[in-house]
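Here the structure comes first, spelled out in structure tokens, and everything after it is commentary.
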Amino acid sequence: MIILRNVWKIYKLGNNKVYALKNINLKIDEGEFIIIMGPSGSGKSTLLNIIGCLDKPTKGEVYIDKIKINNLDDDGLTKIRRDKIGFVFQQFNLIPVLTALENVELPMVFKYRNVDDKVKRKRALKCLKMAELDEKLANHYPSQLSGGQQQRVAIARALVNNPKIILADEPTGALDSKTGKKIMELLKKLNKEGKTIVVVTHDQELAKFGDRVVYIKDGEIKDVY
Ligand code: ADP
């Protein structure tokens, strides 16, 4: 499903080079739940951005669902992201002037231009249900929702184009630990329903939710357990 082969990411800062990823080799099978863990600055977000086709490696090969992404241009990368990947962020990244339901509908606007609005609404409601948000909250604005509820809306939005892969960068980082566990349980449920999930976190407590933990330090994979 996801293959990284000898992947390097090197940033140039003036005359200095920052080796954010050093020779990463990683294979993630369909249906796996992977936790990427490591200290701040170790390269976790860089790795997730490459898996998410938000960025390309300096060296090495990346395959997403059998497609080699190295040779794709921006349009090609955008299409892979839109069709295959759902993103979840620490700060939810919801649009404040849209309701929960409208936020979830938004990614469909770009993918299903010719689909009837009613069909889109039904699909968005289904995804809110999959993310276990109380139906009564569908017309609330993000500011009227708790952090945990906002993250559920963000997860529903990630599901709406039916991606095979969900990538989450510190999805519990802005939540208290009890709410954070609930969000991880939701991701685990979606994983059991067939999604391949990759979560970046620095919280050791969350390791138990993964099938495998990839521990990264100074841009290198130090351990997989
Ligand atoms: P983490 O997510 O584990 O905190 P990052 O992937 O954000 O780590 O960063 C890894 C390293 O790469 C850090 O040293 C960081 O400063 C550096 N880095 C990340 N993005 C850039 C960039 N756009 N330009 C230069 N250096 C960067």
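The values are calculated or read from the model by the stated rules, or taken from the named source; none is laboratory data. Predicted model, so just to flag it, every value in this text is computed and none were measured. Reconstructed Cβ throughout: ideal geometry from the backbone, glycine too, with neighbour counts over all protein chains shown. The protein model used for the area step is the full one, side chains on, heavy atoms only, and it has no ligands, DNA or RNA in it. Shrake-Rupley method; radii C 1.70, N 1.55, O 1.52, S 1.80 Å.
How big is the Rg/Rh ratio for region 106-225, C-alpha atoms only, Rh by Kirkwood, two decimals?
1.01
Over 32 Å between Cα atoms, which of LYS56/LYS111; LYS17/LYS181; LYS17/LYS208; LYS9/LYS129 qualify? Kindly include the intermediate steps, with their values, before the conclusion.
Numbers: LYS56/LYS111 23 Å; LYS17/LYS181 38 Å; LYS17/LYS208 35 Å; LYS9/LYS129 39 Å.
Those over the limit are LYS17/LYS181; LYS17/LYS208; LYS9/LYS129.
Using the per-residue mean of other Cβ atoms lying within 10 Å as a proxy for protection, in what order, highest first, do the peptides 84-92, 149-157 fall?
Per-residue Cβ counts within 10 Å, averaged per peptide and sorted highest first, yield 149-157, 84-92.
Please compute, for the alpha-carbon atoms of region 1-94, the extent along each of the three principal axes and give them in descending order in Å.
Computed over region 1-94, the largest-to-smallest principal extents equal 38, 31, 26 Å.
Applying the Karplus parametrisation 6.51 cos²θ - 1.76 cosθ + 1.60 with θ = phi - 60° to the phi angles of region 18-26, what ³J(HN,Hα) value in whole Hz is obtained for each residue in order, glycine and proline being reported as x?
9, 8, 6, 9, 10, 6, 7, 10, 8
Rolling a 1.4 Å sphere over the protein heavy atoms, what is the accessible area per residue of region 1-107, to the nearest Å²?
About 49 Å² of surface per residue is accessible.
Under a straight-distance cross-link criterion of Cα-Cα below 21 Å, which lysines are reachable from LYS136, leaving out those fewer than 8 residues away in the same chain?
Result set, ordered by chain and number: LYS118, LYS120, LYS122, LYS126, LYS182.
So what's the back-of-envelope 222 nm ellipticity for the chain, counting only DSSP H runs of four-plus at -39500 (n - 2.57) apiece and dividing by all residues, rounded to 500?
For the chain, the value works out to -10500 deg cm²/dmol.
Given a Förster radius of 30 Å and the C-beta distance between TYR141 and TYR11 as r, what FRET efficiency does 1/(1 + (r/R0)^6) yield to the nearest 0.05?
0.20
Check which residues have an amide H placed less than 5 Å from GLN90's amide H, if you skip close sequence neighbours.
ASP169
For a quick protection proxy, order the peptides 107-114, 23-30 by their average other-Cβ count within 10 Å, most packed first.
Details: 107-114: 12.6, 23-30: 15.6.
So the peptides 107-114, 23-30, ranked by packing, come out 23-30, 107-114.
Starting from a Cα-only point model with no solvent, please compute log10 I(q)/I(0) by Debye for the chain at q = 0.12, 0.13, 0.16 1/Å.
Calculated log10 I(q)/I(0) at the listed q: -0.65, -0.76, -1.11.
Rg and Dmax in Å for region 45-160, alpha carbons only: what are they?
Considering region 45-160 through its Cα atoms, Rg and Dmax are 15.7, 49 Å.
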